[in-house]
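Engineer: Structure below; questions to follow.
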Amino acid sequence: MTAVIPGTGRAARRSARRWGGVAAALVTALTVTSAAPAPRIGVTGTEPARPRNVILLVGDGMGDSEITAARNYTVGAGGRLAMDRLPMTGSSLTYAVDERGRPDYVTDSAAGATAWATGHKTVNGRVAKTPGTDRPLPTLLELARRQGYATGSVTTARLTDATPAALTAHVTDRSCAGPADMAACPADAKERGGAGSIAEQTVALRPDVLLGGGADVFGQRITAGPHRGRTVLERARAEGYQVVRDRTGLRAARPDRPVLGLFADGPLPVEWTGVPARPGGTAPQRCGTGAPAHPAGTPSLEESTRAALELLTARARRAGAAAGGFFLQVEGAAIDDRAHDADPCGQIGETVAFDRAVGAALAYAARHPGTLVVVTADHGSGGQILPLEARPPGRSATLVTDEGAPLHLGYASGAPDDVQEHTGVPVRVAARGPYAERVVGVHENTALFHTVRTALGLRSIH
Ligand SMILES: [Zn+2]
């Protein structure tokens, strides 16, 4: 683990100076902190020293370039998104490793999520297992659950996709989503005595709240073991899950039993549409923000986040709950997906939808002292903000922002007719609440595991 920089140090002050809008308030906080020895930076008078809740929000593929494009388009270059308002900011080094432990400078989402979920870097494609020996690694959600915390995971992807999977399953390859998808994970197959697919392992773990897409995978039939012949969804129902399929069902869900929300067959539909980037550029365009692909009953990421927070709060307070708090991960998944397709409107719309979920988390934290909120990403994506006169060799597009200025975006991390790749840049990690100062500085992406584990007082298991 990287050394933690003390919150009262010079690095924290340097970080504070970067925050134009909140700098004054923060400088006051710093002054107060340096006068009194005990309180932590960023903690108000009512905040306990240690959090009881952790909300970890992950923008998949959301590097600084993607955040800046969304900020420019919506609130303006000098404006602030919700995610810009967290007082503590650091930088997370995202590289993965190969099977021999050498750096692989560009991570995928499986290795990226495994890093903060388990505290270990792994090979691209692997989910919460070691790089060389392919052994399962305990995850934050498993540790939190074992210790009596309520737990949840919300995503716009399938619940079996790499980022949510890294908290709830251990498989050799991210493609092993359902019982029919086990070709790349022979050691994990039920037939060979393994724990089964991501969907099966997720249901078996029984987190309190699971909200996302992937009804197609949960509809696959289990091929071995005591549940053979049933679909994963039938098994979940038989084991007491409330299965909800839309907004109405989500609103009716009760906290007394686990909730499995499957709001789409595949991933959830994206929010915004527009003309994708193309070689030679596009005409200046405004994005379509009406979410035409969104069926009326599909909850937004913000709605799902609010519902999860309500359910987990009730769940954490139930009689007999040991810890009295919760751990929740929220993923905005399709920022990455839209960037792969050089679709700037789709990418910005998903970043904005994710930012609304961040806003919901911050509002919750303001009402519930003792909530650590962390916002980060797994890796950057290929879009770059370019000068208007640039003539990039790859695909490009021009948008007209809400403040009326042209925004030129280039995509050249893959051939023009191919997918655009991830990049190896560090990503922002921002936090508020008790222990927030631990994110300040430059850290490995695995450091977040140790921060959350220490914050919630989770014991390791081996
Ligand atoms: Zn990706």
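Every read-out reported here was derived from the displayed coordinates using simple, explicitly stated rules and does not represent laboratory data. Everything numeric in this text was worked out from a predicted model, so none of it was measured. FYI the Cβ positions are ideal-geometry reconstructions off the backbone, even for glycines, and counts take in every protein chain you see.
Engineer: Can you give me the P(r) profile for the stretch 244-395? Cα pairs, bins 5 angstrom wide beginning at 0, each as a whole percent.
Structural biologist: Calculated over all Cα pairs of the stretch 244-395, the distribution is 2, 8, 15, 17, 16, 14, 10, 7, 5, 3, 2, 1, 0 percent.
Engineer: Using the Karplus curve 6.51 cos²θ - 1.76 cosθ + 1.60 with θ = phi - 60°, what ³J(HN,Hα) values do you get for each residue of the stretch 331-343, in whole Hz, with x for Gly and Pro?
Structural biologist: Along the stretch 331-343, the couplings run 10, x, 8, 8, 4, 4, 4, 5, 5, 4, 8, 6, 10 Hz.
Engineer: List every residue whose amide H lies under 5 Å from the amide H of R230, counting only residues 5 or more places away in sequence or on a different chain, with H placed 1.01 Å from N in the peptide plane.
Structural biologist: Here I222 satisfy the definition.
Engineer: Let me ask something else. Test of the criteria: in the stretch 216-254, which trypsin sites (Lys or Arg not before Pro) are in a DSSP loop and have at most 16 other Cβ atoms within 10 angstrom of their Cβ?
Structural biologist: R228, R230, R245
Engineer: Related question: In what order do Y105, Y95 fall by count of nearby beta-carbon atoms within 10 Å, going from fewest to most?
Structural biologist: Values: Y105 10, Y95 19.
Fewest to most other Cβ atoms nearby, the residues stand as Y105, Y95.
Engineer: Only four residue types carry charge here, +1 at the Cβ of Lys and Arg and -1 at the Cβ of Asp and Glu. Report the dipole size of the stretch 53-456 about the Cα centre in Debye, rounded to the nearest 20.
Structural biologist: So the magnitude is around 1460 debye.
Engineer: Between D402 and A296, what length in nm is gained on full extension when 0.36 nm per residue of separation is reduced by their alpha carbon distance? Walk me through the numbers before you get to the answer.
Structural biologist: On the way: separation 106, 0.36 × 106 = 38.16 nm, distance 2.59 nm.
Here the answer is 35.6 nm.
Engineer: Please rank S381, S153, S413, fewest neighbouring Cβ atoms within 10 Å first, as an exposure proxy.
Structural biologist: S413, S153, S381
Engineer: What list do you get for H443, H120 if you sort them by fewest beta carbons within 10 Å?
Structural biologist: Fewest-to-most Cβ neighbours within 10 Å comes out as H120, H443.
Engineer: Right, next: Based solely on its DSSP helices, what 222 nm [θ] is calculated for the chain when runs of n ≥ 4 H residues each add -39,500 (n - 2.57) and the sum is averaged over all residues, nearest 500 deg cm²/dmol?
Structural biologist: That comes out to -9000 deg cm²/dmol.
Engineer: Another one. What per residue convex hull volume, in Å³, do the alpha-carbon atoms of the chain yield? Walk me through the numbers before you get to the answer.
Structural biologist: Working: hull volume 65.6 nm³, N = 462.
Taking only Cα atoms, the chain has a hull volume of 142 Å³ per residue.
Engineer: Just to check I understand the Karplus step: with θ = phi - 60° and J = 6.51 cos²θ - 1.76 cosθ + 1.60, what whole-Hz values come out for the stretch 261-277, glycine and proline as x?
Structural biologist: x, 10, 9, 7, 5, x, x, 5, x, 7, 8, 10, 10, x, 7, x, 4
Engineer: Which ³J(HN,Hα) values, rounded to whole Hz and listed in residue order, are derived for the stretch 308-314 from phi using the Karplus coefficients 6.51, -1.76 and 1.60 in 6.51 cos²θ - 1.76 cosθ + 1.60 with θ = phi - 60°, glycine and proline given as x?
Structural biologist: Working through the residues one at a time gives 4, 5, 5, 4, 5, 4, 5 Hz.
Engineer: Per residue, what volume in Å³ does the convex hull of the Cα atoms of the stretch 283-348 enclose?
Structural biologist: Taking only Cα atoms, the stretch 283-348 has a hull volume of 107 Å³ per residue.
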